[in-house]
1. Provide the per-residue ³J(HN,Hα) series for the range A:421-431, in order, calculated from phi with Karplus coefficients 6.51, -1.76, 1.60 and θ = phi - 60°, each as a whole number of Hz, with x at glycine and proline positions.
2. Over chain B, what relative contact order in percent results from Cα pairs under 8 Å that are six or more residues apart?
3. Normalized C-alpha radius of gyration of the range B:327-371, against 2.2 N^0.38 Å?
4. Using the Kirkwood radius over Cα pairs, work out the Stokes-Einstein diffusion coefficient for the range B:117-233 at 4 °C and 1.567 mPa s, in µm²/s as a whole number.
5. Any idea how far the Cα center of the range B:187-247 sits from the one of the range B:387-409, in Å?
6. Classify the range A:358-433: rounded, prolate or oblate, from the alpha-carbon gyration tensor (a ≥ b ≥ c, eigenvalue square roots; a/c under 1.5 rounded; otherwise prolate if a/b is larger than b/c)?
7. Using DSSP to define loop residues, name the chymotrypsin sites (Phe, Trp or Tyr not before Pro) in the range B:250-349 whose beta-carbon has at most 11 other beta-carbon atoms within 10 Å.
8. Measure nothing but the geometry: give the 0 to 90° angle between the long axis through the Cα atoms of A:25-45 and the longest principal axis through the Cα atoms of chain A, rounded to 10°.
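Every number in this text was worked out from the coordinates using simple rules, so none of it is lab data. Not measured: the values here are computed from a predicted model. Backbone-built Cβ (ideal geometry, glycine too); neighbour counts: all protein chains shown.
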Amino acid sequence: MLTLSILLFPILAALLVLAVGGKQAKQIAFLGALVELGLSGYAFFSFVPDATSQFAFDYPWIAAGSIRFSAGIDGVSLLLVVLTGLLTPLIILSAFRHTYERPAVFYALILFMQAALMGVFTARDAFLFYLYFEAALIPIYFLAASWGGENRIAVTFKFFVYTIFGSLFMLVALVYLYFKTSTAAGLHSSAITDLYNLTLSATEQTWIFWAFFIAFAIKMPVFPFHTWQPDTYVESPTPATMLLAGIMLKMGVYGVIRLLLPIVPEGVNLWGTTAIVLSVIGIVYGAIIAIRQRDIKRLIAYSSFSHVGLMAAGVFSQTSYGIQGALVQMLAHGINVVGMFFVADIIASRTNTRLLDQMGGITRYTPKLTVYFMILLLGSVALPLTNGFVGEFLLLAGVFEYNNILGAVAGLTIIFGAVYMLRLFQKAMFGKTTEITTGFKDVSGSESWVFIPLCIMVFWIGLVPNSFLKLTEPAVANLLQFIK
Amino acid sequence: MLSIILLSVFGIVLLYLGFLKSRAVLLPATLFFILLALGAGFLEWNKSYLYFGDMLLISNTAILFTSIVLISAFMVVALSGDFLDDEAAQPAEYYAILLFSIVGAIMMIAYENLIMLFVGVEILSVSMYVLTGSDKRNLRSNEAALKYFLMGSFATGIMLFGMALLYGAAGSFTLTDIKGYIALAQGRPSLLLYMGVLLVLIGMLFKVSAAPFHFWTPDVYEGAPTLFTAFMSTVVKTAGFAALLQLLSVAFGAIYGFWWITLAAITGLTLLIGNLTAAYQDSFKRMMAYSSISHAGYLLIGLAALGQQSKQALVFYSLAYSVATIAAFGILLVVAKQRAFDGRPDDTYTAFNGLSRQNPLLAFILAVSMLSLAGIPLTAGFWGKFMVFSAAIDKGMVWILVLAVLMSAVGIYYYFRVVIAMYFREGSSTYIQVAPFYRFVLIAATAITIILGLVPGLFQNLM
């Protein structure tokens, strides 16, 4: 029942926000998101670390019950449920500083988005997964296209058509798999675990591998499917960017772990190297472009592209290190990137520019912002004792185990990451004060309340990674059995 | 059966009601008649009777298709309030013709004998020729009617020729006799039969506007009054596909190997032409015409991959498509009229600019319809596509499927142009007025789309 309430509550909250509307919209949305955080927090603390799916429910739904409305939380889902639960209230809180037109619709869309994301991460039926996977696109599309920047219509349209196009291939693969299954009563089944047990020929595995890969690679995005990403991140309003980078991109990685690896292990054996090479190209390519950026938002967008490449590479290495690392890194990256985009938003709205060369010397006026920014930045560059380190270390260990050379190239991410992040910090915070940065106001109370939980999480994951790793380990071990 | 009799009688009654001074009674009377016919249809649920010397078979599938036709007709009539105010219009005649045309549609759905199919097609088509030209002062409407009439009669002629050949081969017009003949011939039926199959298929494919027999569609749909376009693109299509399903599954099931390649090629062509051309349109109405061609393509997949899934897939798809299409045309009707351009209704995409601000409800309804037509999850259209794709996968028709998936992505492009216009573009600030009953019908259509999108099982249990 817990999972069911996690899935339904945000929808109720969103409807309430729409019904009440007006100025109270953001407060109600924030309260709703806090309750949802409580629910996912409860799931986190009462989760028993084993390989089973917990708090599960299961109702017949379509086609005489062979497609079921069934969801639950296992070790693989848990951290992402927590991430979604944690980030949504912070994203809503971070939006308080802006006044958006039609606020009720704006905040309701964020909550709808949260409901869809929770559905993706908890679904135990393949078609339910697909449904949520697509449904998540609609609120984010309207958020980005209604409240975004100048170029928003063309950019978000590309994003929308591109990602739907990719997931249609996944739909075909799922329907195909569905008809491959058979149960005692002569019916088919779309339970994800039943799909794991299918025996498929090498040709079938190859086709299905690519159908899944295209869908998830566009979502993450992996090179060369990333062209929608930087523009969409830049043109979207910051809360939408946070949702996209912080949570939505994890849908792709999660999909690979949940569906692609265990369903077509042989396909991964055949084509996994191609996937890792593409991911590693993305890591280096994204990082090099990030180094050259002048626009802060665009810089963080490319850094996110680079980071997700490493997660993809780790996952496709099919090692326990790689997958565990990806799970922790998804949590860590979500926290860091939301923090970074918030810093970018604060700077951009106070100076009215996003260009790095017009900034400088902000640190002189802002002791608090400097500290928060530094902590999040250290997490991003994977300094030991911060959250980024745990994930990236495990991921790199996974890639190394797979192939030394690829591992070495992927390892460049840490060096490049330090280069572009420190350059960002230096250009914005240090140096001479310019005309527009003079008298820069430090973070206010409500802004601090966004940063503080994020910074706590940076250290919590960095110092006691085991409190997270031990939860995911049994589920990952179980998954690896299907893969091997 | 009862529905056929009722509708014929009601049609005549309506003609007499036209003599009354007050036109206001016509609309509720027609709606009431359609509802009665709908209810009467379900009296025969689970009974499966043969009528008229075994020429008509009322089965559960026939009742479901009939209900879709009647629901579509109900909505179209409910949206027709404008006629009552228009001095030049003759609502009594329009409504009577609509009811007669539904009789034709039901005969196409439930026929057991090719003669019945032919009579049904003719009743429906002739009614459509008249309604297409009903906007007498509009040159385009006249042109459309003439074009439709000429090409339509030609196609009917071809179909009749095909039926004659079938009779020559099998010695009977009855579907089961033709089936029996094919079984007796043991894989070597006469050449006449094969010719007959192809010619009948061509005639029917013309009616459902499959490529390459689609050229009349855009012009006729654009020229006809919008309301009748809505009727044509839903009722005619549903009846046409029901007829094809009956023909192919009952009579020609045994020679599947002969016709499926032809049908698959036509499916591919229809999908390509419908979707790619729709993407280039500037007029919403014309886009909807090409979109109806593309949906004929998706429905054809269900036929080309004829199997256990097909029936359910076609029924569900027709319902999802009809409801969304009528809602879309209903909104086009109000918006185009209130945003007149050069004294003519504005059918282009720009007419929808900024609709979400002037009338959020209309914008939402049209957005849901577009999502459903594009096959986005949580709408009925998604499950329609899902079932059709399932049928294709069951038969292993992967190439058609890949093409259909690519074309769905193209579909998203042109359907979303409307959504973008409504939500993200600035437009004129005049509020768009909608009558309460009109609004109710549109909301009902949206509700059906969303409910079937959430719990498609509701409808599946009927099959």
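1. In residue order, the calculated couplings are 6, 5, 5, 4, 5, 5, 5, 7, 9, 9, x Hz.
2. Values: 764 pairs, mean separation 64.1, N = 463.
Across chain B, relative contact order equals 14 percent.
3. Rounded to two decimals, the normalised Rg is 1.07.
4. Details: Rh = 15.4 Å.
Roughly 84 µm²/s, to the nearest whole number.
5. 21 Å
6. Working: a/c = 6.25, a/b = 2.32, b/c = 2.69.
Judged from the Cα gyration tensor, the range A:358-433 comes out oblate (a/c at least 1.5, b/c at or above a/b).
7. On the way: sites: B:Phe252, B:Tyr256, B:Phe258, B:Trp259, B:Trp260, B:Tyr280, B:Phe284, B:Tyr290, B:Tyr298, B:Phe316, B:Tyr317, B:Tyr321, B:Phe329, B:Phe341, B:Tyr349; in loops: B:Phe252, B:Tyr280.
Within the range B:250-349, the qualifying chymotrypsin sites (Phe, Trp or Tyr not before Pro) (loop, at most 11 other Cβ atoms within 10 Å) are B:Tyr280.
8. 50 degrees
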